[in-house]
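A.B. asks: Below is one structure. I have some questions about it.
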Amino acid sequence: MTREELQALVVKLYETVRLQQAEIAKLKATVESQADRIRELEEEVARLRGGWSSAQLCVRPSVPKKEKAPRKKRKHCFARTTLPATQVVLRAVDQRPDCGRNLVGGHEKWRHQVIELPQIRVKVTDHVFVERRCGVCRKKFTPDPSVVLGKEFDGALVADFYGAYNFYEGIKQRFWVHLARDLRALVEKNPDLPKLAQ
């Protein structure tokens, strides 16, 4: 190999080394940039987890929402409607349960309505109708049952088949047990009538 060939080889090797050093410097800069990016991503993951937890982070993919078909309307709605509240109680967390840091701000997330029925005290009154008679003519007198109902009563009168209740011209509801008792007695008195027993 001549002198000129050796010089050319040295120059070629020098150029190759210079190019490799430039490539190494470029790769070092890329590695440092990627290290910074990895550090930022780790901090973001820790922030999303709420702390430096080792649990696997579950991120839902961004899937386009499906168009929902119009909801079929019902003929009747049996859901209970919300009643006007007589009392409002705010439920909020004042401090973080893990570190005790005070929480600020807030907006209504949801509400739950509780209906409490107070215990009703039942008042039961026995109206005792006393029958009295005249000492001269021996005629008997009993108070008018309408004094119990009053003049403004327009409901259903629940009573037995006692004739004194016939004064009421409104709706009457009879005790079926009384009717069944009378029918049973009628069947017992007439055993030769099978149709009556049926």
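A.B. asks: How many residues are in a strand (DSSP E or B) and either under 49 Å from the mean Cα position of the chain (by Cα) or among the polar types (S, T, N, Q) (or both) if we restrict to the range 137-183?
C.D. replies: Number of matching residues: 8.
To keep it simple, each residue is scored yes or no on (1) in contact with an Asp or Glu (Cβ under 6 Å, 6 or more places away or on another chain); (2) modelled with pLDDT under 90; (3) surrounded by fewer than 10 Cβ atoms within 10 Å (Cβ to Cβ); (4) under 23 Å from Asp98 (Cβ atoms).
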{"site": "Glu15", "(1), (2), (3), (4)": "no, yes, no, no"}
{"site": "Gln34", "(1), (2), (3), (4)": "no, no, no, no"}
{"site": "Val45", "(1), (2), (3), (4)": "no, yes, no, yes"}
{"site": "Arg49", "(1), (2), (3), (4)": "no, yes, no, yes"}
{"site": "Ala55", "(1), (2), (3), (4)": "no, yes, yes, yes"}
{"site": "Arg60", "(1), (2), (3), (4)": "no, yes, yes, no"}
{"site": "Lys65", "(1), (2), (3), (4)": "no, yes, yes, no"}
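A.B. asks: I would also like to ask the following. Can you confirm whether the range 123-137 contains a residue that is surrounded by 10 or more Cβ atoms within 10 Å (Cβ to Cβ) and either touching a residue at least 12 places away in the same chain (Cβ under 8 Å) or in contact with a helix residue (DSSP H, G or I) (Cβ under 9 Å, 6 or more places away or on another chain) (or both)?
C.D. replies: Within the range 123-137, one or more residues are surrounded by 10 or more Cβ atoms within 10 Å (Cβ to Cβ) and either touching a residue at least 12 places away in the same chain (Cβ under 8 Å) or in contact with a helix residue (DSSP H, G or I) (Cβ under 9 Å, 6 or more places away or on another chain) (or both).
A.B. asks: Here's something else I'd like to know. Here is a check on your reading of the model: is Arg101 within 30 Å of Glu44 (Cβ to Cβ), surrounded by 10 or more Cβ atoms within 10 Å (Cβ to Cβ), modelled with pLDDT of 80 or more and not polar (S, T, N, Q)?
C.D. replies: No: the conditions fail for Arg101.
A.B. asks: When only residues in the range 154-163 that are touching a residue at least 12 places away in the same chain (Cβ under 8 Å) and either exposed (fewer than 12 other Cβ atoms within 10 Å of the Cβ) or touching a Phe, Trp or Tyr at 6+ places or on another chain (Cβ under 7 Å) (or both) count, which is nearest to Arg181 (Cα to Cα)?
C.D. replies: Asp160
A.B. asks: Within the group Val128, Val124, Val136, which residue is at pLDDT 85 or above and under 24 Å from Val177 (Cβ atoms)?
C.D. replies: Details: Val124 fails: at pLDDT 85 or above; Val136 fails: under 24 Å from Val177 (Cβ atoms).
After applying the criteria, what remains is Val128.
The values are calculated or read from the model by the stated rules, or taken from the named source; none is laboratory data. Predicted, not measured: the structure shown is a model, and the values here were computed from it. Quick reminder, even Gly has a Cβ in these numbers, built from the backbone with ideal geometry, and neighbours come from all protein chains shown.
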